[in-house]
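Note sheet for the following structure.
The values are calculated or read from the model by the stated rules, or taken from the named source; none is laboratory data. Keep in mind that this is a model prediction, so the values were computed, not measured. Cβ coordinates were reconstructed from backbone atoms using ideal geometry, including for glycine residues, and neighbour counts include every protein chain displayed. These area figures cover heavy atoms from the full protein model, side chains too; ligands, DNA and RNA do not enter into them. Shrake-Rupley method; radii C 1.70, N 1.55, O 1.52, S 1.80 Å.
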Amino acid sequence: MMRQVTTDYIVVGSGIAGLMTALFLSETGEVKVLTKACEDASNSYRAQGGIAAAIGEADSPNLHWQDTLRAGVDLCDEDTVRLMVKMAPDTIRLLADWGTPFDKKGNAYLLAKEGAHSASRILRVHGDSTGAGITSTLLRQAERQKSIHMQTHTMVADLLVENDTCRGVIALDTDQEPTCYLARKGVVLATGGCGQVFKYTTNDLVTTGDGFAMAHRAGVQLTDMEFIQFHPTALAVDQNPMFLISEAVRGEGAVLVTESGDRFMERYHELKDLAPRDVVSRAIYTEMQQGKQVYLDARHLKGKFARRFPAIYKECRKAGIDPEREWIPVRPAAHFIMGGIKTDSYGRTSLPRLFACGEVACTGVHGANRLASNSLLEGTVFAQRVAKKLSSYEEQSTTMQLPSQYPRLCQDKQTEEKIKKEIRQVMWDHAGIVRTSEGLAEGLSKLNRLSDSGHVLPGMFELRNMLTTAQLVMKAARWREESRGGHYRRDFPQTIPEWAEKHKVIQGGISS
């Protein structure tokens with residue numbers, strides 16, 4: 001019999017969505033937060049840009065709503081977007097009250113403007129460390145709550161389901177011992193995205209698609225998995241994850257150039273360097289396919305660069321680049337997934353007592369292309385609604401038939417890393433920035449061969465999740481025969497109005 005731990009709530013993940021959910025749930029019960037690395041290993045912590053909220057005098061939630069819908073290319077859920085933008089100002093006040101040191105000038109917040117926003121509404125912390133600022137604040141708050149128990153270096157491997165209800169999770173800690181964690185009220189997946197299934201990504205090493213894969217194995221509905229946002233400007237040095245050169249640098253006037261000094265963006269879009277992310281990513285990709293190197297020229301900022309973007313400046317200097325005197329080498333990288341576990345506006349999934357929040361969830365607020373700085377907002381807003389709904393549930397029985405045995409973590413890391421590398425290359429080559437039917441079919445065939453090879457051993461949980469998530473993305477991308485937002489098909493380059501009404505819903509191998 002496996003070891004058993006019982007609690008009121010289980011939250012999987014310690015990014016902004018998970019921490020925020022845990023803080024609100026802690027008001028009504030005991031919360032066990034399980035995270036597979038250290039508590040600050042998340043995309044949330046790495047987020048530079050900011051968090052969007054209509055708090056400026058020349059702004060309004062309605063303008064924010066319109067901008068979000070426009071960026072989402074007719075695929076957003078309008079009511080859910082309206083809910084998010086209306087809750088945004090109060091959410092910012094809450095984060096500030098908890099101690100988030102948003103940048104200010106005097107008593108007024110410094111509000112920046114990013115691409116596709118019609119007003120200045122981006123709040124930041126220390127210029128380019130917003131994610132770290134908010135996450136650190138939430139971690140401090142969580143440490144003060146006696147009812148929140150953080151368990152790090154714990155790999156959640158599967159959901160426990162009985163009678164079509166989520167009862168808990170199976171997890172393995174550093175001692176390798178499988179443990180059944182049972183929840184009296186429910187489970188919240190806040191596991192982040194899946195950038196690590198691509199060769200080039202800005203995502204933390206922990207983002208291997210675990211939540212998507214676990215949910216899929218449990219028969220939970222996922223949707224819109226084809227929509228991947230590729231950030232155009234990751235620092236082009238050999239490292240994983242890649243360091244993000246924030247869009248805000250271009251917002252301050254930096255321009256993209258080739259090695260010959262050609263400012264090429266004017267050939268691709270009227271907004272030039274501040275065009276939507278998918279346009280800029282494809283433009284850079286096209287230039288690179290022609291054998292050119294692409295750089296970001298921010299030299300006009302001179303002495304202001306280090307003050308305005310201290311973290312970016314430090315990272316560039318660490319790579320031997322002085323952005324105040326030299327061009328910064330950049331390339332596109334997988335950054336965010338708009339799709340995910342299908343939820344309602346309270347984070348409820350198709351499996352009773354299983355909730356999802358943050359990037360792993362698809363609430364419908366991002367549509368086909370996320371508006372910049374809406375991701376941190378989504379996590380903080382919907383965490384409040386998840387906690388409100390879940391805390392209202394009656395307790396369920398914690399007596400159930402537990403698995404008699406379960407694989408331990410596989411120690412053959414060399415084989416596991418070799419196959420992970422293959423997955424990343426296949427996904428970049430065949431489901432990356434520019435896709436085709438032929439390429440997707442070939443990519444899916446390669447993934448299927450890896451899956452059937454017998455090399456994915458029991459206990460290779462991350463690898464299994466990466467492979468499952470990669471297949472889900474590939475299948476959805478092959479199905480959508482149009483181009484929209486983060487999904488671009490060279491063989492179907494037009495955005496077709498009829499496809500705005502269609503969503504690819506996948507449920508345990510059954511899709512519609």
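Within region 351-466, considering only helices (runs of 4 or more DSSP H) that don't extend past its boundaries, which have at least 2 residues that are in contact with a Gly (Cβ under 7 Å, 6 or more places away or on another chain) and open to solvent by less than 10 Å² (accessible area, probe 1.4 Å)? Walk me through it before giving the result.
On the way: elements: 375-390, 413-430, 437-452.
Here the list reads 375-390.
Please go through region 203-220 and give me each residue that is open to solvent by less than 10 Å² (accessible area, probe 1.4 Å) and either part of a loop (DSSP other than H, G, I, E, B) or free of Cβ contacts under 8 Å to residues at least 60 places away in the same chain (or both), ordered by number. Outline the logic, then answer.
Of region 203-220, the ones open to solvent by less than 10 Å² (accessible area, probe 1.4 Å) are 203, 207-209, 211-215, 220.
Across region 203-220, the qualifying residues are N203, T207, T208, G209, V220.
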**Request:** Can you run down the residue pairs with Cβ atoms below 7 Å, 6 or more apart or on separate chains, where the first is in region 61-82 and within 23 Å of E482 (Cβ to Cβ) and the partner is of a type in the set (D, E) and in a helix (DSSP H, G or I)?
**Result:** L69/E78
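Just to be sure, is E177 acidic (D, E) and surrounded by fewer than 24 Cβ atoms within 10 Å (Cβ to Cβ)? Let's see the steps before the verdict.
Numbers: acidic (D, E): yes; surrounded by fewer than 24 Cβ atoms within 10 Å (Cβ to Cβ): yes.
When the stated conditions are applied, E177 passes them.
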**Request:** Those residues that are farther than 23 Å from R124 by Cα, open to solvent by less than 30 Å² (accessible area, probe 1.4 Å) and either part of a loop (DSSP other than H, G, I, E, B) or of a type in the set (S, T, N, Q) (or both), I need them from region 292-322; list them, please.
**Result:** I321, D322
**Request:** Starting from region 1-28, keep only residues that are touching a residue at least 40 places away in the same chain (Cβ under 8 Å), then list their pairs with residues that are open to solvent by 10 Å² or more (accessible area, probe 1.4 Å) and among the acidic types (D, E) whose Cβ atoms are within a distance under 6 Å, requiring at least 6 positions of separation or different chains.
**Result:** T7/E30; D8/E30; S14/E39
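Can you find even one residue in region 106-114 that is touching an Asp or Glu at 6+ places or on another chain (Cβ under 6 Å), surrounded by 18 or more Cβ atoms within 10 Å (Cβ to Cβ), over 30 Å from M150 (Cβ atoms) and not hydrophobic (A, V, I, L, M, F, W, C)? Spell out the reasoning first.
First pass over region 106-114, keeping only residues touching an Asp or Glu at 6+ places or on another chain (Cβ under 6 Å): 110, 114.
In the following step, the residues that additionally are surrounded by 18 or more Cβ atoms within 10 Å (Cβ to Cβ) were identified as 114.
With over 30 Å from M150 (Cβ atoms) added as a condition, the list becomes 114.
From what is left, the residues that are not hydrophobic (A, V, I, L, M, F, W, C) are 114.
Yes, region 106-114 contains at least one residue that is touching an Asp or Glu at 6+ places or on another chain (Cβ under 6 Å), surrounded by 18 or more Cβ atoms within 10 Å (Cβ to Cβ), over 30 Å from M150 (Cβ atoms) and not hydrophobic (A, V, I, L, M, F, W, C).
If you scan region 180-196, which residues turn out to be in a loop (DSSP other than H, G, I, E, B) and either surrounded by fewer than 21 Cβ atoms within 10 Å (Cβ to Cβ) or of a type in the set (S, T, Y) (or both)?
The initial filter retains those residues of region 180-196 that are in a loop (DSSP other than H, G, I, E, B), namely 190-194.
Listed by number, the list holds a single entry, T191.
Can we say R489 is among the basic types (K, R), more than 29 Å from K36 (Cα to Cα) and within 25 Å of the chain's Cα centre (by Cα)? Steps first, answer last, please.
On the way: among the basic types (K, R): yes; more than 29 Å from K36 (Cα to Cα): yes; within 25 Å of the chain's Cα centre (by Cα): yes.
Yes; evaluated as a whole, the condition is true for this residue.
One residue is enough: does region 83-91 have a residue meeting the conditions loosely packed, with under 15 Cβ neighbours inside 10 Å, more than 29 Å from S26 (Cβ to Cβ) and of a type outside the set (K, R)?
Going through region 83-91, the residues loosely packed, with under 15 Cβ neighbours inside 10 Å turn out to be 90.
Of the ones still in play, those that are also more than 29 Å from S26 (Cβ to Cβ) are none.
No, because not a single residue in region 83-91 is loosely packed, with under 15 Cβ neighbours inside 10 Å, more than 29 Å from S26 (Cβ to Cβ) and of a type outside the set (K, R).
To keep it simple, each residue is scored yes or no on (1) among the small types (G, A, S); (2) in contact with a Lys or Arg (Cβ under 8 Å, 6 or more places away or on another chain).
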site	(1), (2)
G454	yes, no
R464	no, no
Q471	no, no
W479	no, yes
E482	no, yes
Q494	no, no
E498	no, no
E501	no, no
G508	yes, yes
**Message:** Contact list please: Cβ distance under 8 Å, first residue in region 429-444 and over 17 Å from T286 (Cβ atoms) and modelled with pLDDT of 95 or more, second residue of a type in the set (V, I, T) and open to solvent by less than 30 Å² (accessible area, probe 1.4 Å), pairs at least six apart or on different chains.
**Reply:** A431/I228; A431/V473; G443/V426
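On the basis of being open to solvent by 10 Å² or more (accessible area, probe 1.4 Å) and either modelled with pLDDT under 95 or closer than 14 Å to S375 by Cα (or both), does S60 make the cut? Show your work before the answer.
Details: open to solvent by 10 Å² or more (accessible area, probe 1.4 Å): yes; either modelled with pLDDT under 95 or closer than 14 Å to S375 by Cα (or both): no.
So S60 fails the test.
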**Fill in**
Note on region 268-281: residues part of a helix (DSSP H, G or I), surrounded by fewer than 23 Cβ atoms within 10 Å (Cβ to Cβ) and touching a residue at least 12 places away in the same chain (Cβ under 8 Å) are K272, L274
**Request:** Those residues that are without any contact (Cβ under 8 Å) to a residue 24 or more places away in the chain and crowded, with 16+ Cβ neighbours inside 10 Å, I need them from region 128-174; list them, please.
**Result:** D173
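Out of the residues in region 13-67 that are more than 21 Å from the chain's Cα centre (by Cα) and among the β-branched types (V, I, T), which is farthest from G133 (Cα to Cα)?
First pass over region 13-67, keeping only residues more than 21 Å from the chain's Cα centre (by Cα): 24-32, 54-63, 66.
This time we only want the ones that are among the β-branched types (V, I, T), so: 28, 31, 55.
Details: T28: 26, V31: 23, I55: 19 Å.
Ranking the qualifying residues of region 13-67, first place goes to T28.
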**Prompt:** Just wondering, is there one or more residues in region 323-330 that are under 22 Å from the mean Cα position of the chain (by Cα) and either in a loop (DSSP other than H, G, I, E, B) or crowded, with 20+ Cβ neighbours inside 10 Å (or both)?
**Reply:** yes
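Looking for whichever is within 18 Å of G15 (Cβ to Cβ), of a type in the set (A, V, I, L, M, F, W, C) and under 21 Å from the mean Cα position of the chain (by Cα) here; the options are A383, A368. Which one fits?
Details: A368 fails: within 18 Å of G15 (Cβ to Cβ).
Just one listed residue meets the conditions, A383.
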**Item:** Odd one out for M265, checked against (1) open to solvent by less than 10 Å² (accessible area, probe 1.4 Å); (2) in contact (Cβ under 8 Å) with a residue 40 or more places away in the chain
**Value:** (2)
